[in-house]
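> This structure is in structure tokens; I'll ask about it shortly.
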Amino acid sequence: MASSAASGMRKAPSLEWRWVSTEEDDEEDRGGRGGDAAVGAVGRGGSFESEDEEDAEDEDEREGKKRLIRTVPSVDWFDVEGNEVSVGQQVEDTEEFDFGRTMFLALQTLAVVFGDIGIGPLYTFDVMFNKYPIQGEEDVLGALSLVLYTLILMPLVKYVLVVLWANDDGEGGIFALYSLICRNAKVSLIPNQVHSEKRMSSFRLKLPTPELERSIKVKEKLESSLLLKKLLLGLVLFGTSMFISNGVITPAMSVLSAVSGLKVGIRNTSQDVVVMISVALLVILFSVQRYATSKVGFALGPSLLVWFCCLGGIGIYNLSLFGPTAFMAFNPLYIIYYFGRNPFQAWLSLGGCLLCATGSEAIFSNLCHFPVRYVQYMFMLLVLPCLVLAYLGQAAFLIANPKSSEQVFFSSIPIGVFWPVFLVANLAALIASRTMTVAIFQCLKQSIALGCFPRLKIVHTSRKFMAKIYIPVVNWLLLVSCLGFIVLFRSIYDVGNAYAIAELGVMIMATVYVTIIMLLIWESNIVKVLSFVITFLFLELIFFSSALSSVGDGGWALLIFASVLFMIMFIWNYGSKLKYDSEVKQKLSKDLMRKLGPNLGTIRAPGLGLVCSDIVKGVPAIFGHFLTSLPAIHSIIVFVCIRNVPVPVVPQSERFLFQRVCSRGYHMFRCIARYGYKDKKQEHHSVFERLLIEGLEKFIQREAVELSLQSEDDVDSDEEPPTPVKIITAPNGSLYSLDVPLLADYTPSTEVIPEAICSTPQHDPVLDYAQNLELELAFIKQSKQSGAVYLIDSPIIKARKDSWFFKKLMINYFFAFLRNNCRRAIMLMSIPHSNMMQVRMTSYV
């Protein structure tokens with residue numbers, strides 16, 4: 001075991017970069033910070049990095065002359081546990097080429113990633129020419145030139161070639177960008193990330209280099225400015241609300257435009273019939289959404305392949321029938337002519353032009369575990385050529401038939417294949433709707449994991465693929481919202497105006513975050529960064545101004561919907577931060593626990609007590625309430641904190657982090673159970689207990705091996721400064737001071753009792769580590785047989801009486817309503833009521 005631990009240390013990353021003052025640099029050169037000093041830190045229990053040490057480092061960085069130097073990170077138990085799986089995870093990179101698997105992934109990529117962008121030809125020219133009536137051939141060529149270059153710049157250059165590389169271990173979306181930034185800079189407003197999480201094998205980040213000091217300066221600016229932290233959070237909440245709104249508009253726009261083809265096939269079809277059929281199709285779609293996620297998904301790839309072939313084939317047919325004049329639109333001068341003929345109407349039509357790029361964000365959000373290269377190749381070799389041919393063919397049709405500016409796509413279909421293409425178009429519209437719905441499920445799961453959205457029930461629909469999820473509440477909310485938009489507006493023109501606003505809101509936020517990633521993580525050349533942000537932000541703001549001009553035509557409903565979502569996420573995040581800060585302030589100190597003694601001032605009964613709370617460091621205040629209220633406490637106490645860390649998946653071997661609280665005689669441990677935002681958390685309580693105990697035994701065994709190699713006594717590694725005397729009120733109204741044992745006249749028996757075997761005095765050195773290990777493992781086994789009890793902390797926060805009115809409204813009513821109607825992480829496990837004790841403490845903030 002010692003050799004395995006040593007080999008794990010040799011594999012650990014050994015270098016980091018940080019800013020230090022000149023004096024500190026000189027001192028490190030004299031004293032050295034390598035080998036022995038690092039290894040000496042191991043074996044004293046797992047060590048969460050001290051907050052005082054972090055504050056001291058920040059203070060040093062603000063004083064004196066700074067240099068970017070290379071340092072050796074301290075090695076602790078969490079580093080050793082985390083690095084054990086790092087080598088094994090690299091085996092999959094050398095898989096041999098498999099043609100069958102490649103084709104399967106290609107079809108799946110079509111169905112999951114490109115469904116939304118593939119239906120743009122159904123409505124793009126319809127909405128554009130509704131704002132800019134066709135008066136000549138130049139108008140069609142100018143509009144086509146706008147569409148072509150928008151299609152090249154937005155989906156291809158920005159998303160496929162740049163943004164896709166900003167994925168978070170295969171995960172895409174606006175929250176994945178925010179998560180990536182949070183893991184490289186301390187910008188999260190809920191500071192509950194422990195230092196050792198940065199060593200997790202899922203954290204594969206490029207460290208700063210001496211040659212690129214700009215990224216370090218950007219990091220310091222982000223970490224030191226509270227305004228920038230709030231701004232980043234506000235932007236991600238705004239982007240998420242717009243993305244969810246986009247998911248409401250996409251099904252309405254897609255299905256409504258596809259069903260509108262009936263007006264071409266059956267001339268007397270009324271709009272009421274189109275609306276009723278669209279409503280029926282959406283009800284069916286969302287009713288089978290749970291099953292389509294896993295059961296029908298394999299059939300969607302070939303369906304999309306047929307659809308893209310139809311787009312390309314119809315485009316080629318129209319070009320051969322009406323001539324190649326449309327190819328002149330590749331000359332960008334036609335864009336200038338387009339704006340020169342009628343600048344105001346051309347500007348208004350920009351909102352419709354952007355509809356050709358709707359689905360660009362879905363390409364990134366639905367990335368999941370598809371390799372980036374697959375997505376890029378599929379877009380450039382199949383999707384983009386078919387879309388270009390489709391728009392060229394429609395333009396050729398419009399040049400020959402300038403008065404047929406409504407239902408352009410269906411009007412340009414050859415009569416002999418109209419109904420088969422109509423059916424395929426409706427199927428493609430349903431697939432596009434499903435694509436956005438799945439993307440919203442993934443986005444909300446990420447936001448829930450990062451504490452920016454209330455916890456909801458998440459159903460995993462596949463045993464093999466964890467990314468396939470279904471959120472029932474969100475599914476039905478999207479259905480009701482889609483039906484409301486269709487019934488309210490009834491026309492693709494008004495719905496299209498709202499569609500452009502939602503898409504552009506997400507695009508602008510993605511541009512901002514990718515720019516930060518280019519500066520902070522990629523360390524890109526400043527010329528490339530400026531070129532990216534100036535080009536795309538300028539274009540998106542121009543498109544956005546055009547889309548906002550149509551707020552009165554349909555965009556107002558979307559803005560109201562997005563505002564409600566934004567307020568829900570803001571209130572939840574704000575209340576969660578206040579609750580976390582309140583719990584941190586009320587936590588008990590280590591000095592207080594030492595004064596109580598190993599028996600904690602009460603009787604230690606056999607069994608395992610799992611005290612569940614949300615704080616990472618320190619003893620939660622609820623534990624003091626248990627001591628004053630219960631006549632006995634369990635022989636082994638584990639303070640459990642279930643945390644969602646900003647990585648997609650946490651390996652099972654790295655799930656639990658342990659640390660000993662006080663000395664061995666207390667039998668108290670701290671445990672952090674870490675879950676990524678793609679991990680399945682609905683574990684049975686017996687499975688959770690088994691994994692926790694296995695991790696605890698492994699921790700104790702490693703600790704004993706390292707302690708046997710040291711000559712020092714057991715030293716606590718989680719020191720905290722003394723705190724004032726704590727007075728706790730029991731339920732009966734009595735006041736207790738925790739500075740003295742609660743049962744001062746109680747003297748533990750010196751007879752042979754199982755609980756006392758390992759309860760050594762606090763200051764007695766433990767010399768026989770092997771014997772102590774066997775006794776402690778036997779003690780844990782006996783406690784496990786006695787059963788586990790969950791002591792759950794359910795704090796309630798309320799605004800103080802002197803708080804301003806809006807704070808009282810948000811905390812006492814809105815946040816309380818959200819918290820009472822959402823799920824807790826610990827409640828996801830099926831814990832029997834006989835094994836659970838829940839206590840609520842009210843705190844005023």
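> Report the antiparallel proportion of the DSSP beta bridges in the stretch 519-654 as a percent, rounded to a multiple of 5. Working shown, then result.
Values: 1 of 9 bridges.
Just about 10 percent of them are antiparallel.
> Another question, then. What is the list of residues in the stretch 538-561 whose amide nitrogen lies under 19 Å from a point 7 angstrom out from the Cα of residue 817, following Cα to Cβ?
Residues 560-561 qualify, since their backbone N sits under 19 Å from the label point.
> If you don't mind, another one. Could I have the simple spin-label model distance between residue 104 and residue 333, label points 7 Å from Cα toward Cβ, reported in nm to one decimal?
Output for this residue pair reads 5.3 nm.
> Arrange the peptides 248-255, 694-701, 309-316 so that the one whose residues have, on average, the most other Cβ atoms within 10 Å appears first.
Values: 248-255: 29.1, 694-701: 17.5, 309-316: 20.0.
Going from most to least packed, we get 248-255, 309-316, 694-701.
> Just subtract the alpha-carbon distance of residue 803 and residue 341 from 0.36 nm times their residue separation and send over the number in nm, one decimal. Before the final figure, lay out each step's value.
Working: separation 462, 0.36 × 462 = 166.32 nm, distance 5.84 nm.
This chain segment gains 160.5 nm when fully extended.
> Using a Förster radius of 60 Å, what is the FRET efficiency between residue 694 and residue 290 based on their Cβ-Cβ separation? Nearest 0.05, please. Walk me through the intermediate numbers first.
Working: r = 34 Å, r/R0 = 0.57.
With R0 = 60 Å, the Cβ-Cβ based efficiency is 0.95.
> Per 0.36 nm of contour for each residue apart, how much would the distance between residue 553 and residue 632 grow if the chain were fully extended, relative to their Cα-Cα spacing?
Details: separation 79, 0.36 × 79 = 28.44 nm, distance 6.74 nm.
The residue 553-residue 632 span can extend by a further 21.7 nm.
Each reported figure results from applying straightforward, stated rules to the coordinates on display, with no laboratory input. This structure is a prediction, so every number in the text was calculated from the model and none was measured. Cβ coordinates were reconstructed from backbone atoms using ideal geometry, including for glycine residues, and neighbour counts include every protein chain displayed.
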